[in-house]
Amino acid sequence: MPAMSLSAADHLAMLEAGARRAGIEYARLELPRAHRVTLDGLRLRYVDWGRGAGPPVVFLHGGGLTAHAWDLVCLAMRARWHCIALEQRGHGDSDWAPDADYSLSSLAGDAAAFLRHLGEGPVALVGHSMGALAAMLAVARHPELVAALAIVDVGPEPREEGADAIRALVAGGSEFDSLDAAVAAARRFNPMRSAESLRRSLLLNLKQLPDGRWRWKYDDRRYPLLRTDEYRAERRGLWQALAQVRCPALVVHGGRSRIFLAEDARRVADTMADGRVLTIEDAGHNVHSDAPRALATALDEFLGASLRPGC
């Protein structure tokens, strides 16, 4: 598996700088512990932030990202919850699917298998973008595994203009001549982030090749699948999955998102039995990186109201 390009010391420095910039308070600054688990023949990596006062909260990242997309949110929440972030198949340092199966059904199956592996009883499940799509399906198929669901900035049917912008970043090329070129590409997609902030975070999702070029750590065979009729049908089928969700659910909408609008968030929430909407105004699609403190606060309040102590 590819080694992390960011050293532990630099990772800690990135967390400290990010927390200071976002106004996040924490009791101690330390990295999460990384583990691996074999599910359906694939070795998947996950990071565990340690047991907080409350029950487990499992985080699923978006497409093209890694478990560390949730670092600042987990840092803000770790004292109150047991925060665990799964690195999904074909991403980061988890195995790539040998048959390039990145269907939502397979991702949801991985999520359900991981929750069973934890053996913690019903947990809270938080997903962003691709991870939220997998979470919707996992909850519908395995309601006994999930006590509360949070969906971050995605619905069954994306706004194509915003979706095309994401595809241009993650599918526009697997390799970059330099780290600066990767940072420039990321800034074109998300100008709200500083170049230095992006540089450090990208080092968690890039590896340097022997020739000096840089490559994304995700399996780019996934992206052509997103334009197939089969995948579009699978996404449309998520409306039926959402109608089966009975646990408390929070739909988070980034006020500046181009892929998920306010009316989309309301429709998603209204489709579920117990859904509610929260808009975080100063955030785009990547709410976890644009406004980690606001997202952590929203999740704290939602989970505190939705989960019984000790569940």
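The values are calculated or read from the model by the stated rules, or taken from the named source; none is laboratory data. Being a predicted model, the structure only gives us computed values, none of them experimental. All Cβ positions, glycine included, derive from the backbone under ideal geometry; neighbour counts span all protein chains shown.
Quick test of your reading of the structure: Arg246 fulfils all but one of (1) closer than 23 Å to Leu307 by Cβ; (2) assigned to a helix (DSSP H, G or I); (3) of a type in the set (D, E, K, R). Name the failing condition by number. Of the numbered conditions (1) closer than 23 Å to Leu307 by Cβ; (2) assigned to a helix (DSSP H, G or I); (3) of a type in the set (D, E, K, R), the odd one out for Arg246 is (2).
Checked against (1) under 13 Å from Ile151 (Cβ atoms); (2) free of Cβ contacts under 8 Å to residues at least 60 places away in the same chain, Glu263 passes all but condition (1).
Cβ contacts < 7 Å: first residue under 13 Å from Cys74 (Cβ atoms), restricted to the range 15-43; second residue of a type in the set (Asp, Glu) and assigned to a strand (DSSP E or B), any location; separation 6+ or different chain. Result? Partner pairs satisfying both residue conditions: Pro32/Asp48; Arg33/Asp48.
Among the residues here, Ile151 does not qualify as among the aliphatic types (A, V, I, L, M) and without any contact (Cβ under 8 Å) to a residue 40 or more places away in the chain. Identify, please: which residue in the range 253-311 is modelled with pLDDT under 95 and acidic (Asp, Glu) and is, among those, surrounded by the most Cβ atoms within 10 Å (Cβ to Cβ)? Filtering first and then ranking leaves Asp290. Only one of the listed residues (Arg221, Arg246) is at pLDDT 95 or above and of a type in the set (Lys, Arg). That residue is Arg246. The residue that is nearest to Phe302 (Cα to Cα), among those in the range 105-126 that are over 17 Å from the mean Cα position of the chain (by Cα) and hydrophobic (A, V, I, L, M, F, W, C), is Leu118. For the range 205-243, the set of residues classified as among the hydrophobic types (A, V, I, L, M, F, W, C), touching a helix residue (DSSP H, G or I) at 6+ places or on another chain (Cβ under 8 Å) and in a helix (DSSP H, G or I) consists of Leu225, Leu238, Trp239, Ala241, Leu242, Ala243, listed by residue number. In the range 145-165 there is at least one residue matching the filter, namely being modelled with pLDDT of 90 or more, within 23 Å of Val252 (Cα to Cα) and assigned to a helix (DSSP H, G or I). Just so you know, in the range 40-57 the residues that are among the aliphatic types (A, V, I, L, M) and crowded, with 21+ Cβ neighbours inside 10 Å include one that is nearest to Gln88 (Cα to Cα), and it is Leu44. The residues listed here are Ala111, Ala135, Ala97, Ala124; of these, the one that is touching an Asp or Glu at 6+ places or on another chain (Cβ under 8 Å), buried (at least 18 other Cβ atoms within 10 Å of the Cβ), of a type in the set (A, V, I, L, M) and modelled with pLDDT of 95 or more is Ala97.
Among the conditions (1) touching a residue at least 24 places away in the same chain (Cβ under 8 Å); (2) under 19 Å from the mean Cα position of the chain (by Cα), the only one that Ala294 does not satisfy is (1).
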